[in-house]
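See structure below.
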Amino acid sequence: MQNSKNNSKFSLTSIVAIGIGAAVFFILGRFLSIPTGVPNTNIETTYPFLALISAIYGPIVGFFVGFIGHTIKDFLTFGPWWSWIICSGLAGLGFGLVSRKLKINQGQFNKTDIIKFNIGQAIVNLVTWALAAPVLDILVYSEPANKVFTQGIVSGLVNLIATGVLGSILLAAYAKTRVASGSLDKE
């Protein structure tokens, strides 16, 4: 009985996290993106936030926050660009997988964790944006390779930097709000 209670609580928490996370992803993507000068390529504040949500709630929630949030943003702006929508979901999934070893929910995020997180998020950003997104653009939309690989490489690099800086700050700040395991003494 207790297991089903925990599963339903987890499911409800996950659903709420997905809904709120997707809304915040949309707002950040719509109103806090900085153009890079490369067409349709921005410095995004969405991916540091996505890294935080994925670290807190896991890779499945991260996938859906990225996928749904990017879908809403695209539908309410210029129309859906499915290759990049899928990649936002994959980035959330990747951030969640990278963060599995972190103990931010227990109040821990030390220098070693920051290094591990940043190596992982760099790999996720580069594979997602510099490789997967351009390949999907070519396969789905028959886009020219030189155009989409330029966009993908620039996106991968700026998302890597934004997630490295802002994502690390967000994870550290969140970890400080949590009570570290074993830090309370019984009186």
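The values are calculated or read from the model by the stated rules, or taken from the named source; none is laboratory data. What you are looking at is a predicted structure, and each value in this text was computed from that prediction instead of being measured. Cβ atoms come from the backbone with ideal geometry, glycine included; neighbour counts cover every protein chain shown.
Looking only at residues in segment 122-155 that are in contact (Cβ under 8 Å) with a residue 60 or more places away in the chain and within 21 Å of the chain's Cα centre (by Cα), the one that is nearest to residue 48 (Cα to Cα) is 125. Looking at segment 31-44, is at least one residue in a helix (DSSP H, G or I) and surrounded by fewer than 20 Cβ atoms within 10 Å (Cβ to Cβ)? Yes. The sole residue among 119, 72 that is without any contact (Cβ under 8 Å) to a residue 60 or more places away in the chain, within 20 Å of residue 23 (Cβ to Cβ) and in a helix (DSSP H, G or I) is 72.
Of all residues in segment 31-47, one or more are aromatic (Phe, Trp, Tyr) and within 12 Å of the chain's Cα centre (by Cα). Among the residues of segment 2-28, the ones that are at pLDDT below 95 and either at positive phi or touching a Ser or Thr at 6+ places or on another chain (Cβ under 6 Å) (or both) come to 0 in all.
Given the structure, is residue 43 modelled with pLDDT of 95 or more and either closer than 18 Å to residue 134 by Cβ or of a type in the set (A, V, I, L, M) (or both)? No. From the list 73, 101, 111, the lone residue that is over 14 Å from the mean Cα position of the chain (by Cα) and buried (at least 20 other Cβ atoms within 10 Å of the Cβ) is 73.
Could you identify the single residue in 166, 136, 97, 90 that is of a type outside the set (Val, Ile, Thr), in contact with a Ser or Thr (Cβ under 9 Å, 6 or more places away or on another chain) and farther than 19 Å from residue 41 by Cβ? First the steps, then the outcome.
Working: 166 fails: farther than 19 Å from residue 41 by Cβ; 136 fails: farther than 19 Å from residue 41 by Cβ; 90 fails: farther than 19 Å from residue 41 by Cβ.
Step by step, each of 166, 136, 97, 90 is checked, and only 97 is of a type outside the set (Val, Ile, Thr), in contact with a Ser or Thr (Cβ under 9 Å, 6 or more places away or on another chain) and farther than 19 Å from residue 41 by Cβ.
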